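Undergrad: What follows is a structure written as structure tokens; I'll ask about it next.
Nothing in this text is a laboratory measurement; each read-out follows from the coordinates by a stated rule. Here the structure is a predicted model, which is why all the values come from computation and not from measurement. Positions of Cβ are generated from backbone atoms using ideal geometry, with glycine treated the same way; all protein chains shown enter the neighbour counts.
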Amino acid sequence: MRTEKENHRATDSDRTFILGIYQEFCRLMFFTAQKYLSDPLQQEEVVQESLSKLIEKVDTLRTLQPAVLASYIVATVRNTAISLLRAQAQQGQVVSLETLDGEPASQESMDEALILQEELAPLRAIWPQLSQEDRLLLEGKYLLEYSSAELGERLGCQSASVRMKLTRARRRALKLMKKGGNGHGQP
């Protein structure tokens, strides 16, 4: 049985171990969070919450091979991001494009959900290829329904510039969708 002093040392050791994981996998954690969340503050929140979850599993983490450890960390960050998005959706907030994964909302029929999935497939396929600014513009305008002034504020530009930026973002997205096909194997 461990004494209180031994438990304290184990906690310090665990913190040191988790700090090492963070230093080694920081970029991977943020890259994973960025796939689900465009807001840097939410990405930071997800990474911090993921570290809290990882510290609870430190004994398991110590036994994993490096490749398996990386997969475990990615899965933890992904699941934490999805949990955050679900919580936002339950609070009535609009969620990002990546979260539209085919699960029908209670008021939608299964057919409507399948049609929506088919229509979103080409856009979802090219979404990771778009720049963060293009994703922010398109998501802000069409999913979150931000005004040009709100988008300009988020992008740090004049609201008059948003219209042209949005036009260019749409063109880039359309060009990628034409190049990549329509999700059904047809160019």
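Undergrad: Counting only residues 5 or more places away or on other chains, whose amide H sits under 5 Å from the amide H of Y146 once H atoms are built in the peptide plane?
TA: Amide H neighbours of Y146, under 5 Å, 5+ apart: K141.
Undergrad: State, to one decimal in nm, how far the label point of L174 lies from the label point of R124, with both points 7 Å from Cα in the Cβ direction.
TA: Spacing of the two 7 Å Cα→Cβ label points: 2.4 nm.
Undergrad: Follow-up question, since we're still on this one. What's the extension gain from E145 to V68 if we count 0.36 nm per residue and subtract their Cα-Cα distance?
TA: Here the answer is 23.7 nm.
Undergrad: Continuing with this model, one more query. Classify segment 4-90 as rounded, prolate or oblate, taking a ≥ b ≥ c as the square roots of the eigenvalues of its Cα gyration tensor: rounded when a/c is under 1.5, otherwise prolate if a/b is larger than b/c and oblate if not.
TA: Since a/c reaches 1.5 and a/b is larger than b/c, the shape of segment 4-90 is classed as prolate.
Undergrad: Quick one: of K35/K178; K141/K179; K35/K179; K35/K57; K57/K179; K53/K175, which pairs are farther than 32 Å apart, Cα to Cα?
TA: K57/K179; K53/K175
Undergrad: Run the numbers for A160 and Q90: contour at 0.36 nm per residue of separation, minus the present Cα-Cα distance, in nm.
TA: Gain on extension, A160 to Q90, equals 21.8 nm.
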